[in-house]
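*Asks:* There's a structure below that I have some questions on.
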Amino acid sequence: MTLWSRMHSWVRTILQRSRVESEMDTELRFHMEARAEDLIRSGVPCVVALRRARLEFGGVESAKEECREASGASFIENLLQDIRFGSRILRKSPGFTAVAVLTLAVGIGASAAVFSLVNAILLKPLPYPDSNRIVLPELVSPPGVSLGSEYFPWGQSQFRMLTRDAHPFQTVAAFQNDSFNLTGSGEPVFLDGFRASAEFFPSLGISPALGRAFAADEDQPGHEYEVIISDRLWRERFGADRNILGRAVELNGYAYTVVGVMPEGFAFPRAEEMPSSFNFPAEPQLWVPLAIPAEPKPGPSELALIGRLKPGVTIAQAQAAMDLITKHAEAQDHRWIGWFNTRVVPLQRQVVGDTRHPLQLMLGAVCIVLLIACSNVANLLLTRSLARRREFTLRAALGAGRARLIRQLLTESLLIALAAGAAGILIANAGIYFVKMLGPANLPRLREVTLDLPVLAFALGVSLVTGVLFGLAPAIGAARENLVDSLREGSQRSGGGRMTPRLRNALLVSQVALALVLVVSAGLLTRTFFRLLGADGGFNAERVLTFQLPLPALKYAEQNQIVTLFQNMLERLRAIPGVQSAGIGETVPMSGEGESTVIRIPDHPAASLKETPFANFTVISPGFFAAVGTPLLRGRDFQETDTTDAMPVAIVNKAMERKYWPNEGALGKQVGPGSTRFPLLTIVGIVPDVKHTSLREESAPEMYVLYNQKPWPSMLNMHVALRTKADPAGITEGVRDAVHGIDPDLPLAKVATLTTLVDDSMAQPRFSVFLLGSFGILALLLASIGMYGVISYSVLQRTQEIGIRIALGAQRRMVFGMVLGQGARLTGLGIAIGIVAALGVTRVMASFLYGVRPTDPLTFAAVSLLLLGIVLLACYLPARRAMRVDPMVALKYE
Amino acid sequence: MAKPIDLLQGTLDMLILKAVSLGPLHGYGVLLRIQQISKDRLEIQQGSLYPALYRLEHQGWIASEWGESENKRKAKYYRLTAAGKRRFQAETEKWNRMADMIAGILNTTPEEV
């Protein structure tokens, strides 16, 4: 009852304020008029009756105020009043308000944009039902064996063992990437896709939007001619035809029946979501059954696995179950020992992968920007609250309590913060747009980044917290004011007691220090970036055109067919005007990791498993090194005389020579594939290490063999590289014609210049540099605005003092130096503190750097000087103003 | 006529509750009723009457509604609520106990100590 009446009166106060007010008026007027009538009745003259009634009543306004307070209106009333008053004050000084709101909006906007990235990539669950139960069982290298990659693919028999014994999984599926040449309906097109076992879609928990997933009996050899296509392929190639189900399409020469169309946006697995060593396509377009036989024959290991844990099974339990399977396998067959080590990785963690650290770096950087913005606005408010001292004193003298004053100031800060938050959301929106446009393609889940509810909530939260944070300092400063002192100082402009300048200077110093930390980090990343640009990748990217040449397995079933094709093709390509050299290779630089395999070196027979030699095994043609611009260090290049019947030869990279023949040199030594079924090759040349994924990669041993000397790996998916005399883009048509002149059904995939591939590999570092660099510039800008504000205010405050100094004969240049010196002292202190802090911070950054140490003295010195220069520039204007102070005017001021 | 006594702190609320317990009254009526009951021996600050009324209404002891006064004017009438009635009884008892006790203390003679 009482609670209800209280709520009722609050609601009335808020919603029906004007009605309550007018009722109060009516009630009090009635009282006084009734009293006046009574007075008239008792003989008081008409003319004075009402006046007397009013006098008897006492202060009407204070009674009303008490009534409002009594009915619970006062809290809300005061708040509304504070807001009204605050916004009036802010409107009255639009310059101050604009600077404060903009400064903060930049901070809030930048942090909300970064948070939107963090939210989409790290926090949001994957777009699969119960995605926390989806795991990737990964096969890891035996301890001590370096394959260039931590993971290696599963074999078919291993997968069969898992499906028989794997109890932690509700479903577990295998998949491997494949390329498909879609022919028959229009222009032949080359598509990336996957062969996946029947449990693949159930493991993800996603069913086709149209049609059905694979049935178990379709996942059998001989029955696998069914295909599920992506929404994009369905729209682009088949005009979103809903009658597509049951239609036959021709893939690699076989007829497949379309059984399903996946929902929009589904493209699992994308390259950036999986370990890079798998070399998966960027965006798969179709899936066909994998069809592993029940009793798989030994063959190459090419599978990746995905599983859905049973409800309630933890990662640790799954890992324990997998370890048991490992033990079982090792007990059954000693050849498995060391080769069945598994790791169960949650899909979410795999997808996030290596982006966690760069994102944390960005989050840290943006926090610094936000802090600087906050302390900037705090300083502005502090400075302003000094100017408003007389107002506060007056209000305190009129009876405003200390709490009420603090509340008023906090309300103003929060108003600024909320306005900044609103503007910040606009900035964040623009930021998100840029990030999506400029973000590297291999940043996982980038397409999911939006300005959604969590991001808006984050922006609001940040606004409120910062509002309190930067509002508190001036508010407390104002409340500490001693009323009597203030009144006594009253007209003087000197001011602020002893507390506030110290607080202001501390804020300024911390701003400079924070800016230094941020700019040093950005500087180190920038140097890393340029080091990478200048890094030797073992090739020369200029004027090189590359493309992939996937061959239909049916048509080119025999190796000698492929060799003839390549011979003809090289001949034709070299004949194109403008082509300087042409070569074919299993990989071209920066197109992805090579395949690491076991090799055999008769000189050094492996004593134990750990010493088993490995190398990337790369098939090339003569002319390949000339085409990609890899110089020969020693020995000779492959030649046309190295025919099928000639002595089998190989060329190795420096890393391989260093690893296996560190002292004697590799030239003339023998090496071969792991299996003794293949003949040994003689090493005839040494080339530099060619980088495959990024310019910062650690090079692995690599050996090159000739395509026409019966190489061991398949040659169905080779790359072609052409070095041109002029712009490579100009010859694309000629190349297409040359290839189609030999076989009109051959698709040319991923046509790109080598420069583009290098560029793409730089996307992530470039993005980091871009973001951190922008934050650094923001930090510099904010810090210099802060310095400008504080120094100009102090000059304004000291006008009188400066005037006296000049009147007493101080040189104007000295005055100028004095002001500049004040700024320089604060900056120097900030830089000193910042350097110490930066030394700690950059140590954490070591993994982001390449070719530059975290303590790089050049960067530290350059950034310190830059900061000092910019801050002194910000002091220059106020210092000049101080120098020009007219003593007459300054003294008359009072 | 005796000099009017100033109101004891906190007693105005009780007097208002008493006044409206006899029937709905408007604010001025409350004033007149209290003066009438006290035979003009109590001095009530007219300005402090309304905050007390608002407070009692906010607490739910009394309720208000608009009505017509004796001279056909719009006036706000207050009446005691059920909760107010209970409250008034409790307050009255408390007051009587208190008054008895204080009277007892004040009437103590030296012999009784």
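The values are calculated or read from the model by the stated rules, or taken from the named source; none is laboratory data. Predicted model, so just to flag it, every value in this text is computed and none were measured. Neighbour counts are summed over all protein chains in view; Cβ atoms, including those assigned to glycine, are modelled from backbone coordinates with ideal geometry.
A quick yes/no check of all residues on (1) within 25 Å of residue A:537 (Cα to Cα); (2) among the acidic types (Asp, Glu); (3) free of Cβ contacts under 8 Å to residues at least 60 places away in the same chain:
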{"position": "A:677", "(1), (2), (3)": "no, no, yes"}
{"position": "A:688", "(1), (2), (3)": "yes, no, no"}
{"position": "A:692", "(1), (2), (3)": "yes, no, no"}
{"position": "A:715", "(1), (2), (3)": "yes, no, no"}
{"position": "A:740", "(1), (2), (3)": "no, no, yes"}
{"position": "A:745", "(1), (2), (3)": "no, yes, no"}
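*Asks:* Quick check on segment A:579-587. Is at least one of its residues assigned by TED's automatic domain parsing to the domain that holds residue A:631 and surrounded by fewer than 16 Cβ atoms within 10 Å (Cβ to Cβ)?
*Replies:* Yes, that holds for at least one residue.
*Asks:* Please go through segment A:284-312 and give me each residue that is of a type outside the set (A, V, I, L, M) and surrounded by 11 or more Cβ atoms within 10 Å (Cβ to Cβ), ordered by number.
*Replies:* The answer is A:284, A:285, A:287, A:289, A:293, A:296, A:300, A:301, A:302, A:307, A:308, A:310.
*Asks:* Oh, and also: Has segment A:665-680 got at least one residue that is within 38 Å of the chain's Cα centre (by Cα) and at pLDDT 90 or above?
*Replies:* no
*Asks:* Name the one entry in A:411, A:383, A:393 that is of a type in the set (S, T, N, Q), more than 26 Å from residue A:465 (Cβ to Cβ) and outside the structural domain of residue A:204 (by TED's automatic domain parsing).
*Replies:* After applying the criteria, what remains is A:393.
*Asks:* Could you check segment A:555-575 and list, in sequence order, the residues that are under 12 Å from residue A:724 (Cβ atoms) and either buried (at least 20 other Cβ atoms within 10 Å of the Cβ) or touching a Leu at 6+ places or on another chain (Cβ under 8 Å) (or both)?
*Replies:* Selection gives A:573 alone.
*Asks:* Can you find, within segment A:13-49, the residue that is nearest to the other protein chains (Cβ to nearest Cβ) among those that are under 60 Å from the mean Cα position of the chain (by Cα) and of a type in the set (Gly, Ala, Ser)?
*Replies:* Looking at residues that are under 60 Å from the mean Cα position of the chain (by Cα) and of a type in the set (Gly, Ala, Ser), I get A:22.
*Asks:* Go through (1) surrounded by fewer than 16 Cβ atoms within 10 Å (Cβ to Cβ); (2) under 30 Å from residue A:795 (Cβ atoms); (3) in contact (Cβ under 8 Å) with a residue 60 or more places away in the chain and name the single condition residue A:394 misses.
*Replies:* (3)
*Asks:* Sticking with this structure for a sec: What's the number of the only condition in (1) under 26 Å from residue A:629 (Cβ atoms); (2) under 36 Å from the mean Cα position of the chain (by Cα) that residue A:563 fails to meet?
*Replies:* If we test residue A:563 against (1) under 26 Å from residue A:629 (Cβ atoms); (2) under 36 Å from the mean Cα position of the chain (by Cα), just (2) comes out false.
*Asks:* Just to verify a result, which residue in segment B:57-111, among those that are facing chain A (nearest Cβ under 10 Å) and aromatic (Phe, Trp, Tyr), is surrounded by the fewest Cβ atoms within 10 Å (Cβ to Cβ)?
*Replies:* Among them, the one singled out is B:66.
*Asks:* I would also like to ask the following. Only residues that are touching a residue at least 12 places away in the same chain (Cβ under 8 Å), in contact with a Phe, Trp or Tyr (Cβ under 8 Å, 6 or more places away or on another chain) and within 7 Å of chain A (Cβ to nearest Cβ): list them for segment B:29-56, please.
*Replies:* Once the filter is applied, which keeps residues that are touching a residue at least 12 places away in the same chain (Cβ under 8 Å), in contact with a Phe, Trp or Tyr (Cβ under 8 Å, 6 or more places away or on another chain) and within 7 Å of chain A (Cβ to nearest Cβ), segment B:29-56 yields only B:46.
*Asks:* Six or more apart or on different chains, Cβ under 8 Å: which pairs go from a residue in segment B:86-107 that's closer than 28 Å to residue B:20 by Cβ to one that's acidic (Asp, Glu) and surrounded by fewer than 11 Cβ atoms within 10 Å (Cβ to Cβ)? Could you list them?
*Replies:* Cβ pairs passing all conditions: none.
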